[in-house]
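Enquirer: Quick one: structure below, then a few questions.
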Amino acid sequence: PRSIALGIYPIRVQDSIEISINNEIMLSGFVDTLTQSISDSSHSITVNLRDKTADLIDSTLSANNTSQISAPISLKSICEIIIKSLNIDMVVIDNANSGVFKSGETINPKVGESAFSFLERYAQKKQVILRADGNNNLVIERGSSQQYNTILDTREIERGGKVKSMSMTIDFTK
């Protein structure tokens, strides 16, 4: 066991981790942050995880990353060039058949720009989204046309009702 603040916990920051549901890997990555909360009536530990797409978010572009990028080229190829130049072990899967940027189309990576921001900008031009799957792959997909109706009901709190427990975390980790 490893010590965290006042408690003992077997996980620490940077440990590798996999989360599976019904034997299907949903997330494969590493522990990014641990938070422990203790009160007179409860004790909780929150573990925040990141997958390999975090490497794309945390990496910035240089002239070396982008020298091979010019139209005609597919979004998948752009992703693969950037991923390879950053030495990230990740496969790109194009489920959207996103097509090719044609000759004459300007592809303008900005030195110092986040690798993921650059890729996301060009994904938007093809009207697709980039997401991670549970196996550390980058997946290119079209958005779903299905809508989900959800309601966040805070009326009881607004009427002065008692809340026995509540927790919220907003994290701007880069």
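Enquirer: By how many nm would the segment from GLN14 to GLN124 lengthen if fully extended, with 0.36 nm per residue of separation less the alpha-carbon distance?
Expert: Taking GLN14 through GLN124 to full extension adds about 36.4 nm, to one decimal.
Enquirer: If you don't mind, there's one more thing I want to ask. From the phi angles alone, apply the Karplus equation (6.51, -1.76, 1.60; θ = phi - 60°) to the stretch 108-125 and give each ³J(HN,Hα) in whole Hz, x where the residue is Gly or Pro.
Expert: In residue order, the calculated couplings are 10, x, 9, 4, x, 6, 4, 4, 5, 4, 4, 5, 5, 4, 7, 5, 4, 5 Hz.
Enquirer: Of ILE83, SER103, SER20, which is farthest towards the positive pole of the stretch 1-112's charge dipole, taken about the Cα centre with +1 and -1 on the beta-carbons of Lys, Arg and Asp, Glu respectively?
Expert: Positive-most Cα among the choices belongs to SER103.
Enquirer: For ASP133, which sequence-distant residues (separation of 5 or more, or a different chain) have an amide H within less than 5 Å of its own amide H, given hydrogens modelled in the peptide plane?
Expert: VAL139
Enquirer: Continuing with this model, one more query. Check ASP32: other-chain or 5+ apart residues with amide H under 5 Å from its amide H, H built from backbone geometry?
Expert: Distant-sequence amide H within range of ASP32: GLN14, ASN48, LEU49, ARG50.
Enquirer: Order 94-107, 115-128 from most to least packed using the mean count of other Cβ atoms within 10 Å.
Expert: Ranking the peptides 94-107, 115-128 by packing returns 115-128, 94-107.
Enquirer: Say the dipole of the stretch 32-89 comes from +1 at the beta carbon of Lys and Arg and -1 at that of Asp and Glu; which of THR35, VAL47, LEU61 then lies farthest toward its positive end?
Expert: Of the candidates, LEU61 comes out farthest on the positive side.
Just so you know, all these numbers are worked out from the coordinates, no wet-lab data involved. None of these values were measured; they are calculated from a predicted model. Virtual Cβ from ideal backbone geometry, glycine too; neighbours counted across all protein chains shown.
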